[in-house]
Each structure stands twice: as C-alpha cells, then as structure tokens.
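The next block holds one structure in the form of structure tokens; read it before the comments.
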Amino acid sequence: MKKYLLLFVLLIITSGMFAQTPGKYNVIPMPAKLKRASGEFVFNQRTQLIISDDTEAMRNAIAPLTDRLRIVAGFIIPVVHEPNPATQSNTVVCKLNKKNTNNEGYELTVKKNSILVEAQTPQGIFYAMQTLRQLMPAEIDKSTLIEGIKWTVPCVEITDAPRFVYRGLHLDVSRHFFPIEFVKNYIDWLAYHKINTFHWHLTDDQGWRIEIKKYPKLTETGAWRCRTLKGAYKNNPCEREWDNTTYGGYYTQEEIKTVVEYAAKRFVTIVPEIEIPGHAVAALTAYPELSCSGGPFEVEGLWGVFEDIFCTRDEVFNFLEDVLVEVIALFPGKYIHIGGDEAPKVRWERCHACQTNMKELGLKDEHELQSYFVQRIEKFIESKGRSIIGWDEILEGGLAPNATVMSWRGEKGGIEAAKQKHSVIMTPNTYVYFDYYQVYKADRDKEPHSIGGELPIDKVYQFDPMPKELSIDEQKYILGGQANLWTEYMKTPEHVEYMAYPRVAALSECIWSNPERKNYDDFIQRLTNLVKHYDELGINYSKAFLRK
Ligand code: ACM
Ligand code: ZN
C-alpha cells in the first residue's frame, strides 16, 4: 500500500512538472523572468479585453492581439474601458501601473480563466502582446481565417524589461530601393522582436530616396541611375559587368508620413539618415554646384567609396539646412543621423574654397574640416530641438559636442566615444552586419552572393553591446545596439528578408535580454518554434541555422 502511495505522490509531482511542457514557452527575446504554470487560457468568441486607460496609444498597444484574433479566428474581441479593472473570468486585463519599474517593461500573468497585463506605458503592454502572440499556436500569425485551432496560451508568470533603451534595425534603401509596403512589413516584424528603432538609410551615392520639395532635382535626377553593377565587384574595371536598365525610385513625403504613422503605432521610432559630407554622389548629380569640382556627375551604379563629396562652402550648408528642415518636419524622433562615414578628403585638399575655410577657421587638416562640417550641422539640428547620430568616423578631428556615435568598424570607436562621455550605439561589423554571409566558408556555394564577411547566427548571438573595456561609469553611455542591412547585393524584399531573418531574432536577444538569460542551444530550440510564426507571416528567412 505504501508503495502505491509513493507512486501516487510521485505521479502527482511529475504530472505537475510535465504539464508545463518546456516546448510551449518559446519567447524570443528571452524574458527577464518566466515562471511556468500548469494549464492554459483559451481565447473564444466571448473573451473580453479590458483596458485601464482608453487612449489611442493603449488601443495601438493591444492591436497586435485583437487584430490577429479577428483575422485568424474571426473573434471580434470587445474592448471595454474600466479605470480600475478587476480580473474577471475569460478576460484579458491591461492595466497601466508602476509594478514594473522599466518604462518598456511589462508583467504578464496567464491563468486558466484570465490574463493580466501590467505595464507603466502602452509600449510595455504592446511588448506583452508580442509575447502572447509567440506563446500561441503559430497560426495566430496567419493572414487568413482558419478553423479548428484552439487558441491557447500556456499559463505563465512573466516579468520582463529590456537591457538597453536603443534597439535598432537599419535598412539601406539607396543601393536598392524597396517599396513602401515592404518598409512597413519590415517595421512590423522588427517590432515583433521588441526592437524600437528603425534606422532608414535614405541617401547615398547610388540614389537619393526622399522627396525634398525645395530641391526637386534630388529625386527627379538623384533617385535614378543609368546602370548597376551586375554580379560580384571586380577590382579591374575592364572585368565589370553592367545592367544598363535605368534603376531607382523614391518615397514621397506623403508616403513617408504614412510610414512614420505606421511605425508610431508599433512604438517604433524612425531615425532618418541623410549622409554628409560623403556618400553624396546622387545629390551632387542633381546639384553639381554643391561639390568642390562642379561636376558633372552620374548617380553611381558601382559600390564603394567615392571621392566627390559635399564642398564646405556656405551655400552647401544653406542647402543642407533646407533639406534638414523638411526631414525634421517629417520625422518626429529625437535623432537625425548625419552619416559621416567614408568621406575621402582628396577633393577638399584640392579645393580653393575648402582650403581657404581651413585657414580662416584655424583648422590643422581635413579631418578637422570634417569635424567643423559635422559640428555646424549639429548646431543647426540642435537649434531645431533634435540631436545627431554619426558613424564612428565623426570621432576623427574631434567629436561634435553632443553627438551620439554609431560604432561600426568594430567596437573601438564606441569604446573611445564612451570614454569621451558621448552616447554610443553599438553596431559592429564583427557581429551585426547582416549583409555578410550567414554560413561558414565551406557552405558559401549554397548562398546568394553577398558582400563577403562571415556572420552565422551563432556568431551574431555572441554580440554584447556592452564592451568589457568600459568602467561602470562609462557603461552608462552605451545606449544599445543595432544590426545593419546594406543592400548592394540585395535586390528584392525576399533577399533582404533572407539576410535579416532569423539573425534579427538573435540580435533581439542580445539587445533585450540580460546576458545571464542567454543560452545558444536553448535559443535555437525556441527559434525552431519562432520560424513557424515566420512561415505564417510570410518571412523568407534563411534555414542555414538548421544545418550543423
Ligand atoms: C558603414 O558601414 N559604412 C557605416
Ligand atoms: Zn570644396
């Protein structure tokens, strides 16, 4: 009898344990705390959603859940406003309070008969909704109605908050141009991974992509190139092959407004990038008088770094200020990215106006002239209540007083900037350049041609935005991290998706989760489930992570 009793007790204990099937808790990025519980909540036609604050932001926050349930299950979940909602049966209660001390954090308690979501801000509620989506059957992310699915969420208690305030994903739309609908999908998917910033690289040598009303030639001329390099880059110009069809495109201001609005609903801030003083050939093709030599130029169809950059004459600053006024009016976020990378100085060295400027300003070399250029633009941007971000080359010749540095040539620039008490965003090419191959060399023949490099997902997963070299005091300057997608070799949205996903999932865990919560094997387990959601969302992700 005793033996049976023991067996019975054992059975009870283990059934409790295994009811919490580990495979069900597949959240990426890994939450700060996750306590499993037995049982599940089931959504049905009668589920209600109760919100403590009836604001537009709160309605945007719950949309990822209510929209999905409407699309896939046909449930029109009533949203009820109660200032002090109590948890009732078959309800999802979303409450704004201070229980979670982080303004992007949230508490999520799933019980068999109710779900409670608490956060300081609607943004925290929004992230809880993304977590809920990942806890549900992958079909929640379908685009059509489906029958016969039980819309369950396993019982759980989650306390979550991001490690970094800046969590970014970048897209270069100059080297290749992507339709507005794709840009919106891109934003939707990055928000799904709790990334809060979209860095939109809008101008470069190969195309100017943002309508500027005062300078229509920027897009009439600067958005179009006559030819594009075909295939791999060849050092020998005679060996290069060209696609001679006219290529280009741009976003109208009206279109950009719709993207900004779309992003805001997903708690994503857009950082627009207008490149100065280099990567400016498209602008100079439209307005050659802004160069040192006077041109003429052609919008580039080749990849690389080009010698013709903006001149430092006053009229160039007038032009850039006019452009920035229109850019600032379109993008409400704090930051304007001014580029600053890869600006050869040969034209300035040979330009009478630039050399005169250097002498009059008492500058010792062209690096200091670039620093002057960036500082003058910073002053203008700050006069409009905004701040600048620049690539780490802006350290050369002296940093502008309040500039945030985006460290891309490894971590060195970021470390130096933090030591100089400047804010830093880490985006090192050693971990998060998603234009690099995502397989090791031996497997390259299976991959579409890329710019080079080697960043399989396990390497990306090792990314830690916080450099070991910084003191506790210096660490506070590291705002976070970002991955970049330069699109020289990505012609289509599908190819961008392939290069971005699933590496974005790894990135999200590196910039959201605490390092002690990271475990690569466990991440891959959870990723195996997340990609089922990607299948439903229609993301053309790479399956390289499944090969070992
Ligand atoms: C860069 O990759 N040139 C910032
Ligand atoms: Zn000049």
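The values are calculated or read from the model by the stated rules, or taken from the named source; none is laboratory data. No experiment lies behind these values; they were computed from the predicted model shown. No Cβ is skipped: glycine too gets one built from the backbone with ideal geometry, and neighbour counts run over all protein chains shown. Just so you know, the surface numbers come from the protein's heavy atoms only, side chains and all, with ligands and any DNA or RNA stripped out. Shrake-Rupley method; radii C 1.70, N 1.55, O 1.52, S 1.80 Å.
Data table
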item	result
Residue list for segment 234-258, filter: out of contact with any strand residue (DSSP E or B) (no Cβ under 7 Å at 6 or more places or on another chain) and closer than 25 Å to Pro216 by Cβ	Thr245, Gly249, Thr252, Gln253, Glu254, Glu255, Lys257, Thr258
Some residue of segment 51-58 being under 26 Å from Lys150 (Cα atoms) and modelled with pLDDT of 95 or more	yes
Check on Met358, among the hydrophobic types (A, V, I, L, M, F, W, C) and either surrounded by fewer than 21 Cβ atoms within 10 Å (Cβ to Cβ) or more than 15 Å from ligand 1 (Cβ to nearest atom) (or both)	yes
Hits in segment 291-316 - residues which are crowded, with 21+ Cβ neighbours inside 10 Å and within 14 Å of ligand 2 (Cβ to nearest atom)	Ser291, Cys292, Asp308, Ile309, Phe310, Cys311, Thr312, Val316
Residue in segment 465-487 that is part of a helix (DSSP H, G or I) and buried (at least 19 other Cβ atoms within 10 Å of the Cβ) present	no
Counted residues, segment 481-521 - those being of a type in the set (Asp, Glu) and either within 16 Å of ligand 1 (Cβ to nearest atom) or in contact (Cβ under 8 Å) with a residue 24 or more places away in the chain (or both)	4
Within segment 143-194, tally of residues that are among the acidic types (Asp, Glu) and within 25 Å of Ala500 (Cβ to Cβ)	4
Subset of segment 437-454 [touching a strand residue (DSSP E or B) at 6+ places or on another chain (Cβ under 8 Å) and either under 19 Å from Gly413 (Cβ atoms) or among the polar types (S, T, N, Q) (or both)]	Ser450, Gly453
Qualifying residue in segment 222-237 (condition: of a type in the set (Ser, Thr, Tyr), under 21 Å from the mean Cα position of the chain (by Cα) and crowded, with 21+ Cβ neighbours inside 10 Å)	no
Residue match in segment 250-268 (condition: open to solvent by 80 Å² or more (accessible area, probe 1.4 Å) and without any contact (Cβ under 8 Å) to a residue 60 or more places away in the chain)	yes
Extreme residue, nearest to the chain's Cα centre (by Cα), among residues of segment 177-208 that are more than 30 Å from Tyr127 (Cβ to Cβ) and open to solvent by less than 40 Å² (accessible area, probe 1.4 Å)	Thr203
Residue within segment 513-520 that is part of a helix (DSSP H, G or I) and within 22 Å of Gly453 (Cα to Cα) present	yes
Test: residue in segment 299-308 that is without any contact (Cβ under 8 Å) to a residue 60 or more places away in the chain and either out of contact with any helix residue (DSSP H, G or I) (no Cβ under 8 Å at 6 or more places or on another chain) or in a helix (DSSP H, G or I) (or both)	yes
Considering residues of segment 383-393 that are buried (at least 16 other Cβ atoms within 10 Å of the Cβ) and among the charged types (D, E, K, R) only, the residue nearest to Glu326 (Cα to Cα)	Arg386
Conditions (1) closer than 30 Å to Arg376 by Cβ; (2) in a helix (DSSP H, G or I): number failed by Lys214	(2)
Selection within segment 243-269 - over 21 Å from the mean Cα position of the chain (by Cα) and among the β-branched types (Val, Ile, Thr)	Thr245, Thr246, Thr252
Residues of segment 395-416 satisfying the condition of being more than 22 Å from the chain's Cα centre (by Cα), among the hydrophobic types (A, V, I, L, M, F, W, C) and farther than 21 Å from Gly333 by Cα	Leu395, Leu399
Pairs, first within 16 Å of ligand 1 (Cβ to nearest atom) in segment 276-297, second assigned to a helix (DSSP H, G or I), C-beta under 6 Å, six or more apart	Pro277/Phe373
Residue tally, condition assigned to a loop (DSSP other than H, G, I, E, B), in contact (Cβ under 8 Å) with a residue 40 or more places away in the chain and either surrounded by fewer than 22 Cβ atoms within 10 Å (Cβ to Cβ) or away from ligand 1 (no atom under 16 Å from the Cβ) (or both), over segment 317-353	9
Segment 335-375, subset within 22 Å of Trp408 (Cβ to Cβ) and of a type in the set (Val, Ile, Thr), residue farthest from ligand 2 (Cβ to nearest atom)	Ile336
Sole residue being of a type outside the set (Asp, Glu) and out of contact with any Lys or Arg (no Cβ under 9 Å at 6 or more places or on another chain), chosen from Ile187, Ile256	Ile256
Hits in segment 370-417 (condition: in a helix (DSSP H, G or I), of a type in the set (S, T, N, Q) and either free of Cβ contacts under 8 Å to residues at least 24 places away in the same chain or closer than 14 Å to Ile274 by Cβ (or both))	Ser383
Number of the condition not met by Val93 [criteria: (1) part of a helix (DSSP H, G or I); (2) open to solvent by less than 10 Å² (accessible area, probe 1.4 Å); (3) of a type in the set (Val, Ile, Thr)]	(1)
Hits in segment 432-442 - residues which are open to solvent by 50 Å² or more (accessible area, probe 1.4 Å) and touching a residue at least 12 places away in the same chain (Cβ under 8 Å)	Tyr440, Lys441
Condition met for Glu509 (open to solvent by 40 Å² or more (accessible area, probe 1.4 Å), among the acidic types (Asp, Glu) and either closer than 20 Å to Met426 by Cα or assigned to a helix (DSSP H, G or I) (or both))	no
Single residue of Glu396, Glu378 found to be charged (D, E, K, R), away from ligand 2 (no atom under 16 Å from the Cβ) and open to solvent by 60 Å² or more (accessible area, probe 1.4 Å)	Glu396
Options Leu485, Leu537; residue that is hydrophobic (A, V, I, L, M, F, W, C) and closer than 27 Å to Thr404 by Cα	Leu485
